[in-house]
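What follows is a set of notes on a single structure, which appears directly below.
The values are calculated or read from the model by the stated rules, or taken from the named source; none is laboratory data. Predicted, not measured: the structure shown is a model, and the values here were computed from it. Here the Cβ is made from the backbone with ideal geometry for all residues, glycine too, and neighbour counts use every protein chain on show.
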Amino acid sequence: MINKRLLVKHLLSHNDENSFYDKKLKLSLGFKEGKAKFLKHICALSNTNPENNSYIVIGVEDEENKIIGVDFFDDSKIQNLVNAYLKNPPKIEYENVPFPSLPRYKVVGLVTIYPNKKVTSLLKNAWKYKKDTIFYRRGSNSIPFLGTNFDLRNTNKPIVDSIVKNARNNIELTLNGVFDFMNNHKKRYNPQFKVFNEQFVLCWAGEQKKINSETFYSRVDIELINEQVRLFFSALDDVQISYNQKSFIITEYILLGLDKTETYYPLEKTIIHFKDNGKHHIIKEFLFEPPKYDEKITTHIYTNSAKIVGKIANNIPLSVTEHEDVYRLPTNYLLCYLNGYLDAPELLSKAKYYIKNLQDKTTYVKYKEAMRVIRKVKYN
């Protein structure tokens, strides 16, 4: 098994980006430019590494090679983006890698691009990049190929094989990972661990509470210690956890509603199944059935929210009542989106920096959670 934290460290020891890995401060997949640049790098790394993995490390300051971290990125559908825009798309995997030096809510993102031994190109236009463009890596740059016949060349396999070999897990790293997890979570989060198939060590923590005689956990954090990968993280949602000899099961709920009529809705079930051959796979089942409200009510919420965002965008001071309504803006726009107002995410994003700069950070957490749920609903 590969320890992903150690793999990231080995990649970063090659201070300059090169033809088998790239590093980014963050991804901006919600914008055309950010999405196109991500696809360009996937295309270039795939074409330059036809027989070995290549990587993108996210959450690293480029000049000083300093690990800053990013938010947990819960998006198992990122492969769909690659498949939609690239011809001969490689298989990719996004993993959240925790580092003890980072705050609990931050991770390093690791994108692994698996070799497919085929020339990858743009299937359609993406931002300023034209359909059929082939990209490749020259040093730290992803550049378009201007010739007629692109030749796949294997140049990085020996060095990448060496990096991966040196990142293999061992007992010391596993034990240290368990100790780090247990020590970094306060007692009220009930940190605990379980061994599956005598091979896998899974740690989890969450604040336990009873709702109608059922046990839920909030502020949940789940890590597969062998690979040093965070499998689940939520700052707000309530989660039910169960497990058996072979599987660990997470059922995620969200609290939605108007005023005091909020109800728990199951969002998604995640099953982590551990095999006897030293491998595991993750199955996700989307459960969400969004609540529907009277059209007059949702129209009123949408109109009022749009008025507030318009004032924020034009630097017009908010009234006391409007300022109070800002705290419900993420939840209100989520409800609007679920009831057919598909431009709600775009409007909500216009208030992102205003919300982020509020003294009470709870609203910004709700903003990120609302956008995460919208993304899940959109992909499913």
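Scoring ASN18 on the criteria (1) under 26 Å from LYS117 (Cα atoms); (2) at pLDDT 95 or above leaves a single failure, condition (2).
Look at segment 142-159 and say how many of its residues are over 12 Å from ASN52 (Cα atoms) and either exposed (fewer than 14 other Cβ atoms within 10 Å of the Cβ) or in contact with a Cys (Cβ under 9 Å, 6 or more places away or on another chain) (or both). Counting residues in segment 142-159 that are over 12 Å from ASN52 (Cα atoms) and either exposed (fewer than 14 other Cβ atoms within 10 Å of the Cβ) or in contact with a Cys (Cβ under 9 Å, 6 or more places away or on another chain) (or both) gives 7.
Can you tell which of GLU93, GLU51 is within 21 Å of PHE150 (Cα to Cα) and either part of a strand (DSSP E or B) or touching a helix residue (DSSP H, G or I) at 6+ places or on another chain (Cβ under 7 Å) (or both)? Result: GLU51 is the single residue among GLU93, GLU51 that is within 21 Å of PHE150 (Cα to Cα) and either part of a strand (DSSP E or B) or touching a helix residue (DSSP H, G or I) at 6+ places or on another chain (Cβ under 7 Å) (or both).
Scanning segment 59-105 for residues that are aromatic (Phe, Trp, Tyr) and under 28 Å from TYR189 (Cβ atoms) returns PHE72, PHE73, TYR94, PHE99, TYR105.
Of all residues in segment 208-229, those satisfying the criterion of being free of Cβ contacts under 8 Å to residues at least 60 places away in the same chain and among the hydrophobic types (A, V, I, L, M, F, W, C) are ILE211, PHE216, VAL220, ILE222, LEU224, ILE225. Checking the structure you have, find out if any residue of segment 90-111 is over 26 Å from PHE181 (Cβ atoms) and surrounded by 15 or more Cβ atoms within 10 Å (Cβ to Cβ). Taking every residue of segment 90-111 in turn, at least one turns out to be over 26 Å from PHE181 (Cβ atoms) and surrounded by 15 or more Cβ atoms within 10 Å (Cβ to Cβ).
Across segment 325-343, what is the number of residues that are buried (at least 16 other Cβ atoms within 10 Å of the Cβ), touching a helix residue (DSSP H, G or I) at 6+ places or on another chain (Cβ under 7 Å) and not in a helix (DSSP H, G or I)? Residues flagged as buried (at least 16 other Cβ atoms within 10 Å of the Cβ), touching a helix residue (DSSP H, G or I) at 6+ places or on another chain (Cβ under 7 Å) and not in a helix (DSSP H, G or I) within segment 325-343 amount to 2.
Residue-by-condition table, conditions (1) surrounded by 22 or more Cβ atoms within 10 Å (Cβ to Cβ); (2) over 24 Å from the mean Cα position of the chain (by Cα); (3) polar (S, T, N, Q):
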position	(1), (2), (3)
VAL178	no, no, no
ASN183	no, yes, yes
ALA205	yes, no, no
THR215	no, yes, yes
GLU223	yes, no, no
VAL229	no, no, no
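Here the condition is being assigned to a strand (DSSP E or B) and either at negative phi or free of Cβ contacts under 8 Å to residues at least 24 places away in the same chain (or both); of GLU289, GLU285, GLU346, GLU322, it holds for GLU285 alone. For ILE271, the stated conditions hold: it is without any contact (Cβ under 8 Å) to a residue 40 or more places away in the chain, outside any helix (DSSP H, G or I) and touching a strand residue (DSSP E or B) at 6+ places or on another chain (Cβ under 8 Å).
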